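J.: I am attaching a structure below and will ask some questions about it afterwards.
The values are calculated or read from the model by the stated rules, or taken from the named source; none is laboratory data. All of these numbers come straight from a predicted model, not from anything done at the bench. Glycine also receives a Cβ, built like all others from the backbone with ideal geometry; neighbour counts cover every protein chain displayed.
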Amino acid sequence: MIHSTILALTAALFAAPTSLDAAPVPLATLTLSVTGTCPGTQTLHVTGATPNANVAIIHGIAGRTLRTRQPCAGAMIPLSFPRLGALRTADGSGNVNVVLNTAAGACGRTVVAVDVNSCEVSAPLVV
């Protein structure tokens, strides 16, 4: 019974669209990139966030992965000793830019972006 239910759900999820079905919508992928040099002025660019939603920039040391608490309980952050660096609101297209004056002591730190609405976590990026 359980096996046939799983097969039916899998078939429904991956069924080819018919003329009445809408085209599949790709999942947004939260991406984080940086321009500029460290030390100095850097800009973090986040794309693929939920439009008009909060985006958290979290920094720390690459290492173990931690499970977050509220508001994104269970999201996995790939950082040791994570710290909130910034909280910004995405624009209507789901983009955020954060300008940083990065000190020499912060070079080599790892940063991730977290879409607080969808709880999606970007791939880690070293600044």
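J.: If I filter region 81-90 for residues that are surrounded by 13 or more Cβ atoms within 10 Å (Cβ to Cβ) and among the β-branched types (V, I, T), do I get at least one hit? So that I can check it myself, show each step before the final result.
T.: Going through region 81-90, the residues surrounded by 13 or more Cβ atoms within 10 Å (Cβ to Cβ) turn out to be 82, 85-88, 90.
So of that shortlist, the ones also among the β-branched types (V, I, T) come out as none.
Taking every residue of region 81-90 in turn, none turns out to be surrounded by 13 or more Cβ atoms within 10 Å (Cβ to Cβ) and among the β-branched types (V, I, T).
J.: Of all residues in region 87-110, count the ones that are of a type in the set (A, V, I, L, M) and modelled with pLDDT of 95 or more.
T.: From region 87-110, those of a type in the set (A, V, I, L, M) are 87, 90, 96, 98-100, 103-104, 106; that's our starting set.
With modelled with pLDDT of 95 or more added as a condition, the list becomes 87, 90, 96, 98-99.
So the count comes out to 5.
J.: Of these, V99, V111, which one is crowded, with 19+ Cβ neighbours inside 10 Å and in a strand (DSSP E or B)?
T.: The match here is V111.
J.: Among the residues of region 76-90, how many are more than 18 Å from V34 (Cα to Cα) and assigned to a loop (DSSP other than H, G, I, E, B)?
T.: Here the count works out to 0.
J.: Scan region 37-80 for residues that are over 13 Å from the mean Cα position of the chain (by Cα), surrounded by 12 or more Cβ atoms within 10 Å (Cβ to Cβ) and among the aliphatic types (A, V, I, L, M) and jot them down.
T.: I61, A62, L66, L79
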